[in-house]
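What follows is a structure written as structure tokens; I'll ask about it next.
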Amino acid sequence: MYRLILLLLWMTGCHISQPEPLNVLFIYTDDQRYDTIGGLGNPEIKTPNLDALVKRGTTFTHAHTMGGLQAALCAPSRSMLMTGRPLFRLDALGDRIPIDHVMLPEILTDAGYITFATGKWHNDRASFVRAFQAGDHIFFGGMHMPEVGGHEAPELFEFDPTGAYPNDGRRQVNGYSSTLFADATIDFLSELRSTDQPFFAYVSFTSPHDPRTPPEPFRSWYHPDSVSLPPNFLPAHPFDIGHLDIRGEHLRSHPRTEEMVREELALYYGMVSELDAQIGRILDALEASGLSENTLIIVAGDNGLAVGSHGLLAKQNLYEHSMRVPLILAGPGIPSNEQRSQLVYIFDIFPTIAELLEIPLPQTVDGESIVQWIEDPQSSGRDAVFLAYRDLQRGIRTADGWKYIQYQVNGVHTQQLFDLNSDPFETRNLIADSSYSTIPEYS
């Protein structure tokens with residue numbers, strides 16, 4: 001199928017004039033915390049392929065999502081990624097991408113790229129049709145519900161060149177979700193040898209989003225007794241943050257116990273390791289295709305997750321574990337084995353890719369390219385990043401290490417202030433300490 005699509009695009013003159021343009025392999029993970037990569041300081045998790053990418057490329061250690069105005073935070077995260085627009089410049093709740101919000105794959109198509117997608121698309125189907133010319137094993141939705149196959153037999157679509165995607169077009173596919181998405185990507189890469197057209201491959205995994213059901217052997221890699229409790233473990237959150245009754249918080253009972261959290265972390269780590277193995281398969285296929293030397297590889301996460309931190313399990317909060325995500329870039333021109341600490345947003349990825357590919361940026365994009373920080377680690381970044389969840393929570397995280405969060409829940413106003421330099425796990429609320437009353441304000 002891919003060979004036919006590539007041939008038709010070539011015959012219609014849809015090719016780029018720039019010699020040897022960079023390909024782009026973009027891998028997006030689902031609910032992966034920033035601290036779940038062994039090569040970035042977590043000795044308890046096995047992620048050899050992500051570790052290799054960290055050594056091969058440049059990692060941004062303080063990449064953030066901005067949050068969301070609905071509980072399904074994956075949708076606005078993906079809208080921000082695809083449009084380069086911040087949360088409050090999206091359409092309504094961020095689950096639909098209007099036609100006047102230009103998407104990254106659209107400008108790449110205009111520049112002569114073939115755009116391919118597999119995995120999760122948690123936005124409207126019309127925007128998917130606008131974005132991609134090829135694909136397979138496509139999942140429209142937020143998560144693989146256990147009652148309809150879970151990760152083990154997900155309901156997926158084949159690529160439909162007509163763009164119809166009726167609900168009855170879904171089919172249940174036997175195989176673990178990550179494996180299926182990797183299979184589709186590998187098939188696509190194997191067909192690219194027949195064309196000189198550059199590609200943008202969007203591989204959107206649904207792991208490690210729950211249900212937490214890692215397959216063997218990855219499940220056996222982690223025993224709850226060998227997994228450390230997070231330093232900010234609590235049996236329960238100390239006050240109402242406005243959404244403690246959400247589905248993700250009811251995956252386990254209240255109050256949280258140490259045994260319970262270790263069990264959840266062991267399963268979570270197993271899913272991350274399985275995901276890492278599938279990323280490795282894709283990278284091996286890219287190498288085998290002969291395209292690795294001319295491909296920009298980006299790995300990023302859509303949201304973090306609590307998994308027992310602060311007495312929470314889900315991601316509907318503004319703590320570091322839920323707002324910070326992985327971001328690794330590797331490929332031509334990207335320094336190897338380096339890290340950057342500047343504050344960046346997920347929606348900065350769009351203008352970054354555009355600059356690296358030397359493609360003009362649409363006026364609809366508000367993000368800031370991070371190429372300057374890749375090239376010069378000493379260059380100054382943002383003073384702060386802003387965070388939000390529904391109308392209940394607002395936060396700010398400053399470049400010099402301060403974190404402020406305020407809550408408006410049922411008429412109760414609660415504030416938190418953390419010094420992340422001395423308290424990176426946000427365990428000591430300093431809001432009542434008068435000695436911190438002179439912290440600079442950020443507008």
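Which one, Ser292, Gly169, Pro335, is farthest towards the positive end of the dipole of the chain when Lys and Arg carry +1 and Asp and Glu -1 on their Cβ?
My answer, from the dipole projection, is Gly169.
Name the long-range amide H neighbours of Ala384: under 5 Å, sequence gap of 5 or more, or other chain; modelled H, no Pro or chain starts.
The answer is Ala399.
Between His413 and Asp433, what is 0.36 nm times their sequence separation minus the Cα-Cα distance? Round to one decimal in nm.
Numbers: separation 20, 0.36 × 20 = 7.20 nm, distance 1.73 nm.
Once the chain is fully extended between His413 and Asp433, it gains 5.5 nm.
About its Cα centre, what dipole magnitude does the stretch 135-185 give when the only charges are +1 on Lys and Arg Cβ and -1 on Asp and Glu Cβ, stated in debye to the nearest 20?
Details: 2 positive and 8 negative charges, 10 e Å.
In debye, rounded to 20, the stretch 135-185 gives about 40.
Within the stretch 208-223, list the residues whose amide N lies under 12 Å from a label point set 7 Å along Cα→Cβ of Glu152.
213-216
Give, rounded to the nearest 20 debye, the magnitude of the charge dipole that the chain has about its Cα centre when Lys and Arg contribute +1 at Cβ and Asp and Glu contribute -1 at Cβ. Mind dumping the intermediate values first?
Details: 31 positive and 56 negative charges, 74 e Å.
Computed charge dipole of the chain: roughly 360 debye.
On to the next question. With a ≥ b ≥ c taken as the square roots of the eigenvalues of the C-alpha gyration tensor of the stretch 315-370, please select rounded if a/c is under 1.5 and otherwise prolate if a/b is larger than b/c or oblate if it is not?
Numbers: a/c = 2.97, a/b = 1.29, b/c = 2.31.
Taking the square roots of the gyration eigenvalues as a ≥ b ≥ c, the stretch 315-370 is oblate.
Treat every Asp and Glu Cβ in the stretch 37-151 as -1 and every Lys and Arg Cβ as +1, leave all other atoms uncharged, and give the resulting dipole magnitude about the Cα centre to the nearest 20 debye. Kindly include the intermediate steps, with their values, before the conclusion.
Values: 10 positive and 10 negative charges, 46 e Å.
I would put it at about 220 debye.
Further question: Which of rounded, prolate or oblate describes the stretch 51-104 when judged by the alpha-carbon gyration tensor and an a/c cut-off of 1.5? Each step should come with its number before you reach the end.
Values: a/c = 2.99, a/b = 1.94, b/c = 1.54.
Verdict is prolate for the stretch 51-104.
Using a 10 angstrom cutoff on alpha carbons, build the Gaussian network for the chain and name the most mobile of Pro43, Pro230, Pro208.
Result for the chain, Cα springs under 10 Å: Pro43 fluctuates most.
Another question about this same structure. Write down the Å³ per residue value for the convex hull defined by the alpha carbon atoms of the chain. Provide the component values of the computation, followed by the final result.
Details: hull volume 62.9 nm³, N = 443.
Per-residue hull volume (Cα only) is 142 Å³.
As I understand it, the dipole of the chain uses +1 on the Cβ of Lys and Arg and -1 on the Cβ of Asp and Glu, about the Cα centre. Which of Gly142, Pro208, Ile370 lies farthest toward its positive end?
Working it through, the farthest residue towards the positive pole turns out to be Gly142.
For the stretch 308-321, in order, what is each residue's ³J(HN,Hα) by Karplus, 6.51 cos²θ - 1.76 cosθ + 1.60 with θ = phi - 60°, in whole Hz (x at glycine and Pro)?
With coefficients 6.51, -1.76 and 1.60, one gets x, 6, 6, x, 10, 10, 9, 10, 7, 7, 10, 6, 4, 4 Hz.
So what is the 222 nm mean residue ellipticity for the chain from helices alone, if each DSSP H run of at least 4 adds -39500 (n - 2.57) and you divide by all residues, rounding to the nearest 500 deg cm²/dmol?
Numbers: 10 runs with 107 residues, N = 443.
Calculated from helices alone, the mean residue ellipticity at 222 nm is -7000 deg cm²/dmol.
Tell me which residues come under 5 Å, amide H to amide H, from Asp196 once H is placed; ignore anything under 5 positions away on its chain.
Correct list: empty.
Hey, if we sort Ile374, Ile99 by accessible area with the 1.4 Å probe, largest down, what's the order? Show your work: numbers first, answer last.
Details: Ile374 5, Ile99 135 Å².
The most accessible residue leads, giving Ile99, Ile374.
Oh, and also: Expressed in whole Å with the largest first, what are the equivalent ellipsoid semi-axes of the stretch 255-371 derived from the C-alpha gyration tensor as the square root of 5 times each eigenvalue? Mind showing how you got there, number by number?
Numbers: eigenvalues 202, 89, 23 Å².
For the stretch 255-371, the ellipsoid semi-axes come out as 32, 21, 11 Å.
Distance in nm between label sites at Asp51 and Gln172, each 7 Å beyond Cα in the beta-carbon direction?
Between Asp51 and Gln172, the simple spin-label model gives 3.8 nm.
Given the whole protein assembly as supplied and a 1.4 Å probe, what does the accessible area of Lys120 come to in Å², nearest 10?
0
In nm, what is the difference between 0.36 nm times the number of residues separating Leu251 and Asp423 and their Cα-Cα distance? Numbers along the way, then the final one.
Values: separation 172, 0.36 × 172 = 61.92 nm, distance 2.83 nm.
Gain on extension, Leu251 to Asp423, equals 59.1 nm.
Next up: Using Cα-Cα distances under 8 Å and only pairs 6 or more residues apart, what relative contact order does the chain have, in percent? Walk me through the numbers before you get to the answer.
On the way: 944 pairs, mean separation 106.8, N = 443.
In percent, rounded to a whole number, it is 24.
Classify the stretch 365-443 as rounded, prolate or oblate, taking a ≥ b ≥ c as the square roots of the eigenvalues of its Cα gyration tensor: rounded when a/c is under 1.5, otherwise prolate if a/b is larger than b/c and oblate if not. Before the final figure, lay out the partial values.
On the way: a/c = 2.60, a/b = 1.53, b/c = 1.71.
Verdict is oblate for the stretch 365-443.
So what's the gap between the Cα centers of the stretch 269-314 and the stretch 148-207, to the nearest angstrom?
16
The values are calculated or read from the model by the stated rules, or taken from the named source; none is laboratory data. Source: prediction; values computed, not measured. Neighbour counts are summed over all protein chains in view; Cβ atoms, including those assigned to glycine, are modelled from backbone coordinates with ideal geometry. Calculation scope for accessible area: heavy atoms of the full protein, side chains included, ligands and nucleic acids excluded. Shrake-Rupley method; radii C 1.70, N 1.55, O 1.52, S 1.80 Å.
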